1. Does residue 116 fit the bill of being in a helix (DSSP H, G or I), surrounded by fewer than 16 Cβ atoms within 10 Å (Cβ to Cβ) and within 10 Å of the chain's Cα centre (by Cα)?
2. Please verify whether the range 51-71 includes one or more residues that are within 21 Å of residue 98 (Cα to Cα), at pLDDT below 80 and not in a helix (DSSP H, G or I).
């Protein structure tokens, strides 16, 4: 199926008559489905079409459009207690589930999710560099928590911080042991 360029589509639909809404919707869905089947996943085209849907139709139309073109997975939606905008922010990413998990775990806003995911997917550094940066970021956050006043820490404890810190400590111990083992191995290979 040939995918129509968005400019051509807009010209076609702008000049439509009084029953343009039903024609427009059907055409939007048809173009959205075709874009999803494109080799590149059609992310830009889908984004353009979604912007048109958002501009022309009432609240809830964007979700309906996503449902109809197969972009919106209801089981995924039930898995997360995030807004539709969160899903929309990472829809074009291959690792969107990972980003949704991070957003839910961290209570991220849509803006933070979009900015963080876009930044991470823009130019991925070598894995060891990314890991080091992630560990340094966590260390900085833990350091700032150590400096927090007692009232703030009490609220954090009620929100489950103690359990999260326990889990983090367990993971750090496990990782430290593995890193020491890898370090010993690399030293014995270097000899």
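The values are calculated or read from the model by the stated rules, or taken from the named source; none is laboratory data. Only a predicted model underlies this, so the values are computations on that prediction, with no experimental measurement involved. When we count neighbours, we look across all protein chains shown, and the Cβ atoms used for this are built from the backbone with ideal geometry, even at glycine.
1. Numbers: in a helix (DSSP H, G or I): yes; surrounded by fewer than 16 Cβ atoms within 10 Å (Cβ to Cβ): no; within 10 Å of the chain's Cα centre (by Cα): yes.
Here the answer is no, as residue 116 does not meet what is asked.
2. yes
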